[in-house]
Structures are given as structure tokens and as C-alpha cells.
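Student: Quick one: the structure is below, and I'll ask about it shortly.
The values are calculated or read from the model by the stated rules, or taken from the named source; none is laboratory data. Just so you know, these numbers come straight off a predicted model, no measurement behind them. Because the Cβ atoms are built from the backbone with ideal geometry, glycine has one as well, and the counts that use them run over all protein chains shown.
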Amino acid sequence: MDVRMYDDPWPVTSRRASIIVPEMVQDQGSSSVSQDTTVSAENTQGPAHNQEQEAENYLSWLIEENSRALRDAADSTTRLRDEDDDENYINPGLKLSQWAKVMQGLSSDEAILTSRFVELCRLRSISAELDKGDTLVFIDYPEIKRRYSEQTDCYGIRYSSQKFRVHSEKLLATGSTKFAEMLNPTYQFRIQRRRKLTKSLPEGIKYVLDLTPPSEGDDLVFQMTQLSLTPGIIKWWAANDLHKVTSWLVTGHDDICSCGQRPIPGWGVPKEDGKGKAQAQNVSEEPILNNDSNNNTNNAGNDNEKDSTNSEKITPPTSHDLISKKMHGINRPYETPKYRNIPDYCPTRHRNNIIRLLMMIEGHDVMLDSANRVWTLVGLAKIFDCPSVVRDPVTQWIMYNENTRFIEVLPEEALQIGFALELAQVTQCAFRILVNELALKEASTSSGRDLNRVTIFGRRLGNLDDELHNIVQHAARALVERVSMIPEAFTSEFSLDCWMVEEWINLRKMESALAEEVSASCVVALESLRVLMTGIQTSIKHSFERLTVGDENSLSAFVSMDEDRATYVLPEDFESLEDIEQSLNLTQRLLCPFIYRQLGDVWNINVGESQWLSEATSGLSGPLMARARNGVEQVLYAKPFKASIPSWWVFLDHLGEPLSVKDPLVDLSALNRQIHAAILPYSSSWVRFDIEPSLNITRHMLLTLDNNELKFLPLWAGGCNDGTGGVFEAELPPASWGPNGPGPAYHTGNTIPSTSSVSGSLTHEFSTMKFKGSTVVGSLDAQDSISTVYAPGHVIADNVSIASESFDADGPENYQEARFVIPADHQDTGRAVDMMVESLHSDADTASVVTDMAATVSNNDSSGDEDVMNIDDPATQVIAQSDESDTESDATLEVWENIWP
């Protein structure tokens, strides 16, 4: 039987390949005794064991054997493809990726642990896997001289510096400006000189990259900020038990781990632990496909794995558990294993994920088995400006089944990932949650809880940068403004008029017909009718106000929601949803779905289930309805000719006798149906039609934002934010009105008519008339760059002066005339210039007076006497500026050019 190898980075459930996975079987009360239970088909002799000084040789041998096994697997698979044309030339179980195993439900602890061990082997022997390309990459690891056992992986192995190859064209294909900068000659000369490769590059190498993170400076601070894990990311390993997320995605260990599972013989057990150095055992030769041997060795490994796995198993807390812990001062909802308390930033994690990012660029699979790995890869993709590399794998990770709860529990982190990778669904869902939570805070009127630390519902808040916080804040305030107007729609005396309810419109017609008469019977009937109308409006108001207290039918839903909240709320922050709802004000309750869900029951279209109709029938159909009808009957009996007037037909029953008044005067059943249809936008506003994923554990919030709130999102996320800031400004006035001043504020005003729309005979008259508005001669219209100077079809180029083009067309004399156009009245300096201009057209006496005034100002300036004239007068200021001019005309033109160049 031929042995079919596989070329996939993930191992199979049963160890049938030549991957060597060290096992560790420990006896209580004695030193650890190691046993390598996985065999190699191509190596029958292992390293020399039982010698402590050869432990490092064993480590090198172990990595080399696994690296060679992966290379041989790829070569063997390629050869088998050529020899066998059958599509099933290889056992399907031997060629499965991580996602294939997840989809097929292969989630045994053995398969997961074996896959992670192979991942570590690939990482340590990356030079064997990435051995082709024209770019040589260096990544140096920090030197650990003390307590090195705390800087190892799960198997007790330290990390060492790496050197491998990648393809420059693949780096550039990512569109990264960072990689493009690194491949330029300036950077290459500096790096090659630092690495002493300026004279002798290895064969086939064109470029050299040093991707070792900086050791100091602002760049290090920036990268640490981008890659530091949040508390929620660190704790997401518990989602396996809390949210039933598959272990493949969330339970992976950190690159530096002290879990102590299956340490490498002779290497992984430090002396200070009191266990002594583990001694390596000989590797025995067994057939690869010997199921009995594999089962025996796997059982030995499973016993140890089971002990390690059970140590981190947690029981999802219930709401009662959290309340009990809160009463006893316990703030830990579950016990966290020590090795799960990882630092927010780790230099080794930083370097390892740089290697993983380059593996993904080269087209190799990378195992995304934890939130901290996903978060770090996203941060590195931002740093290296290549988000497209990780976009699809991260999307698949977040959107897989129950792992979508990552968005609901950690919306800040989800929003940052969504923006970094431009994931529309993730961004929208996280945005909805954050906006709703902040709106609840903005609408708060009590200070019973510190809402800067936790939300109304107890979730610990994360951090957002200024840009993201800005759009969330704008949307939250828009949401608060929208829901704040809802009570007015139900409690206003004109609510039924706004809803345009047909039965109510008939009542208004009746009121109008009775109001036209002045007889005593009409006055009585009108009064009775208005009392009935007031009663109808009051019943609607009271029905809405009773909804704000809460509904007993919601208690069962509250219990279910509390169980969901218990999976991510700490005991000290937990309160029952019923208590929280009772403490909310009206606006905050409108930010939750409970009121809207009850609105449909109050005005249920089913007559037998309508709460309002049952109350209205007992209240309004009694004396109020009878008195109003009797008043109308008295009017018609006294004046039967009214029945022939069309405006009075609204009172009559057209199916009965000619003078029969409708009974009842108002059809309450029809009114109920019409109100139900009118409030449908409110009663159905809590239903989530377009939210995917469904966000089930945050169903205690509204989340149904409208376009006015979603517009703050970028265009790729379904919003209107194009980066210009227009979504944060008020809507512009119609484009037919031009601006009366420079930006950034937009002021509505009238524009001086352009010369193209005025006949030539009126040019002089317009130059002497005063117009309020803009004095800009050639202004551009807000629509399609159309000039207001020329015809609407004449577009002005950006590099052409509008003023010069206009005056060239009209003649040079018009230019001189336009310099004296009267400015707007609201411009003080303009009035001063106006006086100067008018003085030029006045008689000789007036001109001489102005000249004398200018001379007086000149003399006063030279003598230092400032009391001769009022220096605060704008006209005096302008005249004083022209004391050195030869003529009044030259002085005026100079002043005009200084003010309006």
C-alpha cells in the first residue's frame, strides 16, 4: 500500500505522517519521564539521549526532522499528482486546511494540539518553507539572558532569529507603500551596509529587508500602540465555553506561553521548577499506518492533554451566579488559568506575526486560532500598509457561526478591525452597538453609574481613537434627537392631524360645519363633539404613557437577555435588566426595543386583541359618543335642510334614512386600524430587517439606525462620509442662492446680477445702484462650476481669471467703472469708499472741501494734534491714508485696490 503524503500545513487527526510531536508523561512525586510517541518513517535512529548536554542537539534535530517532513510531503504529493489522474488520488483526510476541518467538525483536542505544534515547527524552520525569492528578510529576536524559561513556547523552546526569502513582486502586489519604500535604493543601501552585504549578496538576491521591530523611538511607541492587546482580546479564549465558539478559532496559546504542555525532552522543563531536566528517550521505529501503535501513543498523549484541557474549562455563569458573586464581593465570573494572563504587548508575538504576515503574502496558510493573533496581524497589516493580505482570513474568522459574538461583546475592537480592513458588515454592526450605547449615555439624566467606565447595561467600555469616536458621537446625538421627538407624536393634541387618520379627518369636517353656525343647538353640538375629540386624543396619550412603565410580558424576555449578558458582564457591573429598565427615563426607553414592540399590541389590527380599542369602547362609546350624536341630531331635526348641504353629508348614514345620523358617530374599529397603519413606522422600528449577522445577544438595544445616523459611516460601509467632512455640517441652502462671503461657513445671500443677464444700456445704472449681497464680480455657481457672469452653458476653467475674462469681453472702460461699484451696506469700509467715490462726481465746492479735509488731516499728522478730526470716522481714516496722493481719483483707486485687490 502506497503511503500518500500531504502538502497541507495542518496535520490530520491521527498522526499518519512523519511529523514528530513530543509527548510528556509525568509521574506524581518523581521527575518527569519523557517519551516520544510519534514515529518517523524515514528515520529510524533518533538523537543520542540520556545526556543533558545534548538537549540542544535534540531540539535542532526535532525541528530539522519536521521541516524535512513538510518538504518531503510537498514533493510526494506533487509526484503522486503526476502519476495518478484520479481526483481522489489522496486520502481527503490527509489534505485538509484549518477551515476544512472546522467545517467538517474535526474539533478533537488531539487534532487541534497537533496542528498547533506543526504551526510552531513551521515558524521555527521558516527558512526551509520560505526558501525561494529575490528578497532576503532578516528578523532578529531579543536576547534573553535571564529567566529564559519564561520566554519560551508551550513546549519550552526559546525563539531564535530568522532569515528567509520572499518574492519582491508579491510584496509590491499588495499595494503597500511601506514595502515599496523598503525596496528603493536608499533603504537598500543602508540595510545592505548594516548587514555587511554590500559586496556579496547571496545568489538570486536583489533586495534585503530587515523587518526587526525598532528597539526605541517614536516608531516603537506607534507600533506598540497598534499591536497592544485590549483586555477583551486577551479574554476571548473563554468564548469557547461562554459562546460555544469552536476551539480552532479562539483557544490558541500565545507565542510566549507557560502552560507546560508536553515539554520537549531535555529542554522544556526548567530546573527552577523543581522537576529537573527531562531526559530524552530513543525514538523507536514503527510503521506510519500502524493503527494500533498510533492508538496506544495517542491514548498516552490524550491523558496528558485531557488534564491540561480540563484546567481551562469554565462553566458559563448565570445571572444568579453574578448577583451572588457581587453580594460576596467577588469580581471574577470564572477562574482564569495563569498562562492565559498574557501581556498586552510582547516582542516575540510581534516578530512571530511579522513572519506569519509574510507567509500569507507568499500564499501560505496561517492558522488563526486566537483573537490575539488576529488582532496582531490586523495591526501589522496597518503598519505595513497591506490590509488586503489579511482581509479575507480575518473576515472568515469573525463571521464564522458563533464567533460573530465578537462584534457584540467587543464592538470597539470590531469597529477598529472593520475600519482597518474595510469590512462593511463588521463595521456597520459594531457601529450600531456603539451608537446605541453612547446615545443611552447622552440621554442619561441620573448619575447612579459611572457611564465613562461601563455602559448602561454593564459592558466594560473599550477605547476608540478620535476619528472613530467622532463619528460615533455625531451619530449618537442624531439618534437621541430623533427618538426625543417620538413622544410628541403621541402626546400632542395634533397627533391625529399629523397622521392624517381618515376618521379623524371626518371629525374635523364635522367640527368645521358646526362652527359655521351660531344657533344654540349648533353650539351645544359643537361643544359635545369637541369633548369627544379631546377624549379620543387623551386616550391615545394615556395609552402611550402607560407603555413607558414596562410590560409584564417582557419579564420572560428580560430573563433570557440577562443570561446572555452574564457571559460578558463582570459581577460588580451586573444588574438585572428589569431593574435597569425601571431606572431609565423616557428617552432612554425609546432607545430600547421594548416600547416599540408593545405599540403594535396597543393598536393591534385584530379587533379582539387591541388594548386601545377595548378601553375606548368602554369609555368613548358611552356618554361622550351618545352626547355628540344627540347634539347633531337636534341640529338636523331643527334644520332639516342642512342634509342637502354637501359639508353636512359627513354626519349622515348613507345606508339608512335620509336624515339618519351615523351611529356611532365615529367608527372606533376603523379608527383603530387607521391608527395602527399610521404608527407602523414606530411600532416596527425595532424589527431588524437589514442587520447581518443578527446580533442576538444585544437584542436589548434598538440598533435600528436610519440613514441620518448611518450617513457618518464611510462610503464603503454604506454611509455618506467621503472624507470631506460634509456629513458633519448642516445642509446647504439651495444652489440658486450664492454665498455672501468666504468659507468655511456658508452664508445665504443675494448675488449682484451678472452682466450677461443685463442689457448693455443698464450697465451704468447698475453701477450706481446699491445692492445688498455679494460684491464679487465673477462668482461661481454651486452647480457644476457654471459661471454667474456668463451664460449657464459657459463653464469657466480653474486656471482662468474670471474677472479679467469678464472685463475683456465688456471693454476696458467697464473695468474702471466697476472699481467704483457701491459695496454692500453692511460693510463699513465700503461706506467710506462710497463717500470718496461720490465726492469725485460732486461739484467743485464739495471737491475742494474734501481736499481741504485731507490737507487738514495731513497737517495734523505732522503736528501730532489728534483732536482736530474724529479719527474713529471711517471717512477720516480713508482720507488720512490718501494724504500723499496727487489727486483725489488716484487716492480713491489706491484705497480700493488695498481693500479689494
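Student: Given the criterion farther than 30 Å from GLY726 by Cβ and either in contact with an Asp or Glu (Cβ under 8 Å, 6 or more places away or on another chain) or of a type in the set (Lys, Arg) (or both), identify the matching residue among LEU514, LEU526. Walk me through it before giving the result.
Tutor: On the way: LEU514 fails: either in contact with an Asp or Glu (Cβ under 8 Å, 6 or more places away or on another chain) or of a type in the set (Lys, Arg) (or both).
Result of the check over LEU514, LEU526: LEU526.
Student: Another one. Just for region 420-432: of the residues that are in contact (Cβ under 8 Å) with a residue 60 or more places away in the chain and surrounded by fewer than 24 Cβ atoms within 10 Å (Cβ to Cβ), which one is nearest to LYS170 (Cα to Cα)? Write out each step before concluding.
Tutor: Restricting attention to region 420-432, the residues satisfying the condition of being in contact (Cβ under 8 Å) with a residue 60 or more places away in the chain are 422, 424-425, 427-429, 431-432.
If we keep only those that are surrounded by fewer than 24 Cβ atoms within 10 Å (Cβ to Cβ) too, we end up with 422, 424-425, 428.
Values: GLU422: 21, ALA424: 26, GLN425: 28, GLN428: 32 Å.
Selected residue: GLU422.
Student: Additional query: Restricting attention to region 195-252, which residues are acidic (Asp, Glu) and in contact (Cβ under 8 Å) with a residue 60 or more places away in the chain? Break it down stepwise before answering.
Tutor: Filtering region 195-252 down to residues acidic (Asp, Glu) leaves 203, 210, 216, 218-219, 241.
Result: ASP210, ASP241.
Student: Give me the pairs, please: first residue somewhere in region 325-338 and more than 13 Å from VAL569 (Cβ to Cβ), second residue anywhere and at pLDDT below 90 and among the charged types (D, E, K, R), beta-carbon distance under 6 Å, and either six or more positions apart or on two chains.
Tutor: As it stands, the answer is PRO337/GLU312, since those pairs meet every condition given.
Student: Just a yes or no: is a residue in region 172-188 among the β-branched types (Val, Ile, Thr) and in contact with a helix residue (DSSP H, G or I) (Cβ under 7 Å, 6 or more places away or on another chain)? Steps first, please.
Tutor: Quick first cut of region 172-188, residues among the β-branched types (Val, Ile, Thr) only: 174, 177, 186.
Within this subset, residues satisfying the condition of being in contact with a helix residue (DSSP H, G or I) (Cβ under 7 Å, 6 or more places away or on another chain) are 174.
Yes, some residue in region 172-188 is among the β-branched types (Val, Ile, Thr) and in contact with a helix residue (DSSP H, G or I) (Cβ under 7 Å, 6 or more places away or on another chain).
Student: Can you tell me which residue is nearest to SER576 (Cα to Cα) among those in region 324-361 that are of a type in the set (A, V, I, L, M, F, W, C) and exposed (fewer than 15 other Cβ atoms within 10 Å of the Cβ)?
Tutor: In the first step, residues of region 324-361 are kept if they are of a type in the set (A, V, I, L, M, F, W, C); the result is 327, 330, 342, 346, 354-355, 357-361.
When the remaining residues are screened for being exposed (fewer than 15 other Cβ atoms within 10 Å of the Cβ), the result is 327, 330.
Working: MET327: 14, ILE330: 17 Å.
Restricting to residues being of a type in the set (A, V, I, L, M, F, W, C) and exposed (fewer than 15 other Cβ atoms within 10 Å of the Cβ), the top hit is MET327.
Student: If you don't mind, another one. Considering (1) under 30 Å from ASP663 (Cα atoms); (2) polar (S, T, N, Q); (3) at pLDDT 85 or above, say which one SER583 fails and leave the rest.
Tutor: So SER583 meets the others, but not (1).
Student: Taking TRP686 and the conditions (1) modelled with pLDDT of 90 or more; (2) outside any helix (DSSP H, G or I); (3) buried (at least 18 other Cβ atoms within 10 Å of the Cβ); (4) of a type outside the set (S, T, N, Q), which numbered condition does it fall short on, given that it satisfies the others?
Tutor: Only one criterion in (1) modelled with pLDDT of 90 or more; (2) outside any helix (DSSP H, G or I); (3) buried (at least 18 other Cβ atoms within 10 Å of the Cβ); (4) of a type outside the set (S, T, N, Q) is unmet by TRP686, namely (1).
Student: Please go through (1) surrounded by fewer than 18 Cβ atoms within 10 Å (Cβ to Cβ); (2) part of a loop (DSSP other than H, G, I, E, B); (3) among the polar types (S, T, N, Q); (4) modelled with pLDDT of 90 or more for SER694 and return the number of the only condition it doesn't satisfy.
Tutor: (4)
Student: Looking at GLN588, GLN598, GLN582, which one is assigned to a helix (DSSP H, G or I), touching a residue at least 40 places away in the same chain (Cβ under 8 Å) and within 30 Å of ILE330 (Cβ to Cβ)?
Tutor: Numbers: GLN598 fails: within 30 Å of ILE330 (Cβ to Cβ); GLN582 fails: touching a residue at least 40 places away in the same chain (Cβ under 8 Å).
One residue alone meets the criteria, GLN588.
Student: Please find, among SER614, SER694, the residue that is out of contact with any helix residue (DSSP H, G or I) (no Cβ under 7 Å at 6 or more places or on another chain) and under 30 Å from ILE407 (Cα atoms).
Tutor: Numbers: SER614 fails: under 30 Å from ILE407 (Cα atoms).
Going through SER614, SER694 in turn, just one is out of contact with any helix residue (DSSP H, G or I) (no Cβ under 7 Å at 6 or more places or on another chain) and under 30 Å from ILE407 (Cα atoms): SER694.
Student: For residues that are over 20 Å from PRO593 (Cα atoms) and modelled with pLDDT of 95 or more, tally how many sit in region 426-451.
Tutor: 2
Student: So ARG356 fits all but one of (1) of a type in the set (D, E, K, R); (2) at pLDDT 95 or above; (3) touching a strand residue (DSSP E or B) at 6+ places or on another chain (Cβ under 9 Å); what number is the exception?
Tutor: (3)
Student: Here is a follow-up. Which residues, counting only those in region 638-675, are modelled with pLDDT of 85 or more and β-branched (Val, Ile, Thr)?
Tutor: Those that are modelled with pLDDT of 85 or more and β-branched (Val, Ile, Thr): ILE645, VAL650, VAL666, ILE675.
Student: Can I ask one more? Quick one: is LEU410 under 20 Å from ARG432 (Cβ atoms), touching a Gly at 6+ places or on another chain (Cβ under 6 Å) and buried (at least 22 other Cβ atoms within 10 Å of the Cβ)? Write out each step before concluding.
Tutor: Working: under 20 Å from ARG432 (Cβ atoms): yes; touching a Gly at 6+ places or on another chain (Cβ under 6 Å): yes; buried (at least 22 other Cβ atoms within 10 Å of the Cβ): yes.
For LEU410, the condition - under 20 Å from ARG432 (Cβ atoms), touching a Gly at 6+ places or on another chain (Cβ under 6 Å) and buried (at least 22 other Cβ atoms within 10 Å of the Cβ) - is met.
Student: Conditions: (1) modelled with pLDDT of 95 or more; (2) surrounded by fewer than 19 Cβ atoms within 10 Å (Cβ to Cβ). ILE234 meets all but one. Number of the miss?
Tutor: Against the list (1) modelled with pLDDT of 95 or more; (2) surrounded by fewer than 19 Cβ atoms within 10 Å (Cβ to Cβ), ILE234 comes up short only on (2).
Student: Please state which of the following conditions GLU481 fails to meet, knowing it meets all the rest: (1) surrounded by fewer than 17 Cβ atoms within 10 Å (Cβ to Cβ); (2) more than 21 Å from CYS592 (Cβ to Cβ).
Tutor: Status for GLU481: all satisfied but (2).
Student: Here's a follow-up. Restricting attention to region 301-334, and to residues there that are of a type outside the set (S, T, N, Q) and modelled with pLDDT under 90, which single residue is farthest from ASP564 (Cα to Cα)?
Tutor: The initial filter retains those residues of region 301-334 that are of a type outside the set (S, T, N, Q), namely 301, 303, 305-307, 312-314, 316-317, 320-323, 325-330, 332-334.
If we keep only those that are modelled with pLDDT under 90 too, we end up with 301, 303, 305-307, 312-314.
Details: GLY301: 36, ASP303: 34, GLU305: 30, LYS306: 28, ASP307: 29, GLU312: 21, LYS313: 19, ILE314: 16 Å.
So, considering only residues that are of a type outside the set (S, T, N, Q) and modelled with pLDDT under 90, the one farthest from ASP564 (Cα to Cα) is GLY301.
Student: A further question on this structure: Does LYS541 satisfy the condition of being basic (Lys, Arg), in a helix (DSSP H, G or I) and over 48 Å from the mean Cα position of the chain (by Cα)? Spell out how you get there, then give the answer.
Tutor: Working: basic (Lys, Arg): yes; in a helix (DSSP H, G or I): yes; over 48 Å from the mean Cα position of the chain (by Cα): no.
No: the conditions fail for LYS541.
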